Amino acid sequence: GRHVTEAVKEVCMNLNSMWTNLGLKLKKIVQANESLAKEERQYLNYVFTASYYWQLILQGRENEAESSKESKYPVLRAALTKDQLRHCFGYIRRLTRKHKPYPHSSAARCMLYDEIMWKVIQKDGADHLDIMTAVSGKRKQLKLTGPFCYANKKKRGDVQLILDRDKKRLEVHRAIKAAVHDLHKSKKKKVGMDKGLATLLSCSSGHEYGFNFSQLVNAEAERINRRNTNRNEYIQAAKELRHELSALQAKLAIKHSAKTERRLRNRIGSLERRISRLEERHLGSKLYHRQHARKQCNMERIMNMSIRKMLLTEKPDVLVKEDLSFTKEKLPKAANRYEAKVRRKLSSWTKGTLDDRIEYLCDCLGIRTVDVNPAYTSQFCPNCGARFSERKGTHHELTVCPNCGEMNANTAAAVNILRRADDKNITLYTPYKKVEKILEDRYANKQSVMA
Ligand SMILES: [Zn+2]
């Protein structure tokens, strides 16, 4: 499935760049054409960079075009007379038809890999590229001729593998997206975000992404626990056998008659075979590591998807978040100490990975991130400033304000986080206790003003 997705993505990328290139080419032709009026030239130049209008004109549906406020199109179009417009439409169609490229595919020379499909690993003192193959569960490792030179190896992205038949080598291409800061846009959209385990991301707009993520974490913790319970039986058996073996070996060290020695040796041999069989069939960790890697991969995929969806829906210019959190959530009761330990480990892995992915994807899309002081963001009401009286729900996701009533604790925290970005009194370095004092004083002042 991933390979098909990436192949489709690549085709779309190629088609897009073909249209962009064609647009540039046609703009040059327009520039060289002396017989065009100034307005016509401006109009044509614009259309060749705006694929939306260009496509509609080619399809003869230009009258259906929906104009947005930012678009310059309506102004440029209004500058033309009726005849000029008709002439422009015809000219665009003729030029496009004449110069359009013909997409062709030369036998699979290039493949796109998304961030989950590849990683760089160290083996025998050299960097190896580890990639997913078309066979499920099978990975391939290719030794890199040079060192992998990206400082932060966690910040992965898409790579392209390109087979150069002439040079007889496989190249790894990685596109680095640079942050683009739009200087013309005066109003920056700020979005506050609260991270969590039960629900991965909650935004100040009231939307939430990655529901019930903790279910995946819990299922995995339970699975590992179950597997270890089953294993205990075999661990115990192996321990007893080893005990017996060492006793026999100690006995063998003393001098015996030839017959006794042979008998002892036989029994030692049989014990060793039984132990090795247990280790091979019941105590190995190969399958365990493979299954666990698969589950983690799936969790990482869901994290990526949720972050992408959030960034594309909310479209923030600045993302305000806490540099740490996750402390305020109640985890469901674990069956035993071991399961609790596994769950803690998985939670901290989730936290680290989620933070990494947010930073990386924001970098990619040119979104600035701001860290704010995390103290008490989930304890005070964003509407009236009162302290919440209680938390409810299986994951503490509901909260009650004495004045405003019940509300979603996560999105309320997100609103508080957003406000904190412009808060002059609470900086990233304000101590925990002082933050509480400031918030309480603010509410008290508000009450006295109202009284
Ligand atoms: Zn309130």
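The values are calculated or read from the model by the stated rules, or taken from the named source; none is laboratory data. Remember, predicted model here, so these are calculated numbers, not experimental data. With ideal geometry, Cβ positions are generated from the backbone for all residues, glycine too; neighbour counts draw on all protein chains shown.
Scanning segment 192-225 for residues that are touching a helix residue (DSSP H, G or I) at 6+ places or on another chain (Cβ under 9 Å) and in a helix (DSSP H, G or I) returns 213, 214, 216, 217, 218, 219, 220, 221, 222, 223, 224, 225.
Applying the selection to segment 371-409, what residues are more than 16 Å from the ligand (Cβ to nearest atom) and either basic (Lys, Arg) or touching a residue at least 60 places away in the same chain (Cβ under 8 Å) (or both)?
The first filter runs over segment 371-409 and keeps only residues more than 16 Å from the ligand (Cβ to nearest atom), leaving 371-375, 393-397.
If the condition is that a residue be more than 16 Å from the ligand (Cβ to nearest atom) and either basic (Lys, Arg) or touching a residue at least 60 places away in the same chain (Cβ under 8 Å) (or both), then 373, 375, 394, 395, 396, 397 are the ones that fit.
Which of the residues that make up segment 293-304 are at pLDDT below 90 and in contact with a Gly (Cβ under 9 Å, 6 or more places away or on another chain)? Matches in segment 293-304: 294 only.
Conditions (1) crowded, with 16+ Cβ neighbours inside 10 Å; (2) outside any helix (DSSP H, G or I); (3) touching a Cys at 6+ places or on another chain (Cβ under 7 Å); (4) free of Cβ contacts under 8 Å to residues at least 24 places away in the same chain, marked per residue:
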position: 259; (1), (2), (3), (4): no, no, no, yes
position: 262; (1), (2), (3), (4): no, no, no, yes
position: 266; (1), (2), (3), (4): no, no, no, yes
position: 276; (1), (2), (3), (4): no, no, no, yes
position: 287; (1), (2), (3), (4): no, no, no, yes
position: 292; (1), (2), (3), (4): yes, no, no, no
position: 301; (1), (2), (3), (4): no, no, no, no
position: 312; (1), (2), (3), (4): no, no, no, yes
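Each residue in segment 305-340 was checked for being of a type outside the set (Phe, Trp, Tyr) and modelled with pLDDT under 85, and 16 of them qualify. In segment 114-144, the qualifying residues are those that are within 19 Å of residue 7 (Cα to Cα) and among the β-branched types (Val, Ile, Thr), and the one that is surrounded by the most Cβ atoms within 10 Å (Cβ to Cβ) is 131.
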